[in-house]
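Asker: Below is a structure I'd like to ask you about.
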């Protein structure tokens, strides 16, 4: 699917049923007040370096995702030296992942009208699992990963609607220079975050800005 990037930073996917907003765009637009406060405080702490740090983190994440994708395709891809510590840790755990069903696959939900690209759908300890990979210089706590959990819930619902395949488990892997943290989401928790995802999606679709943008694009 082609992706249309807006000047505002939002993304829309061209699906067979029209243009659908991306999962990440929806989450950014509906960020709770406490999340916006944390983001403002982070920008204040880092001052003029904030945008540079944000850009470097995003680029690092893209490189690691490409390396992971290439590995599961059986391709050789040279690792840049500036992310070698992250990649060395990632490789230690990637070997434990079983049969791959889908990697970096665009998905959409026709009825709910959203789209996105899942990182990996594969077997983990014999269970079909939806993976989300994150990179970070510091370790994370589970409560800091709400958006990652909502992403998994959104991609799960979209994939199941497209292919009729039940996905019972989600897994977030936070790759740091020292270790890989693993946070699992069982079916019950996935359902809970699925409900929260629907709430955030509903908020987004009622935003005046969304209606204006969508009418202009359509």
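Nothing in this text is a laboratory measurement; each read-out follows from the coordinates by a stated rule. Predicted model, so just to flag it, every value in this text is computed and none were measured. Cβ sites come from the backbone with ideal geometry, for glycine too, and all protein chains shown count toward neighbours.
Asker: Using label points projected 7 Å from each Cα along Cα→Cβ, tell me how many nm separate residue 123 and residue 105, to one decimal.
Answerer: For residue 123 paired with residue 105, the spin-label model returns 1.5 nm.
Asker: Right, next: Quick one: compute the contact order of the chain, relative version, from alpha carbon pairs under 8 angstrom and 6+ residues apart, as a percent. Each step should come with its number before you reach the end.
Answerer: On the way: 298 pairs, mean separation 40.0, N = 218.
In percent, rounded to a whole number, it is 18.
Asker: Would you order 173, 31 from fewest to most other beta-carbon atoms within 10 Å of each residue's own beta-carbon?
Answerer: Values: 173 22, 31 15.
Lowest count first: 31, 173.
Asker: How much mean residue ellipticity at 222 nm does the chain get from its helices, if each DSSP H run of length 4 or more adds -39500 (n - 2.57) and you divide by all residues, to the nearest 500 deg cm²/dmol?
Answerer: On the way: 7 runs with 102 residues, N = 218.
It comes out at -15000 deg cm²/dmol, rounded to the nearest 500.
Asker: Continuing with the same structure: Starting from the 7 Å offset along Cα-to-Cβ, what nm value, one decimal, do you get for the label separation of residue 19 and residue 93?
Answerer: 3.7
Asker: Determine, from the Cβ-Cβ distance of residue 85 and residue 51 and an R0 of 25 Å, the FRET efficiency 1/(1 + (r/R0)^6), rounded to the nearest 0.05.
Answerer: On the way: r = 23 Å, r/R0 = 0.94.
The value I calculate is 0.60.
Asker: Oh, and also: Quick check on packing: order 115-126, 190-201, 95-106 by the mean number of other C-beta atoms within 10 Å, highest mean leading.
Answerer: Working: 115-126: 19.5, 190-201: 16.3, 95-106: 14.3.
Put in order of decreasing packing, that is 115-126, 190-201, 95-106.
Asker: To continue, here is another question. At residue 207 and residue 165, where each label point lies 7 Å from the Cα along Cα→Cβ, what is the point-to-point distance in nanometres?
Answerer: 3.1
Asker: Among 71-79, 22-30, how do they line up from the highest to the lowest mean number of other beta-carbon atoms within 10 Å?
Answerer: Numbers: 71-79: 11.8, 22-30: 21.3.
Peptide ranking by packing, descending: 22-30, 71-79.
Asker: What base-10 log of the normalised intensity I(q)/I(0) is obtained for the range 66-218 from the Debye formula, alpha carbons as equal point scatterers, at q = 0.18 Å⁻¹?
Answerer: Scattering profile of the range 66-218, log10 relative to I(0): -1.12.
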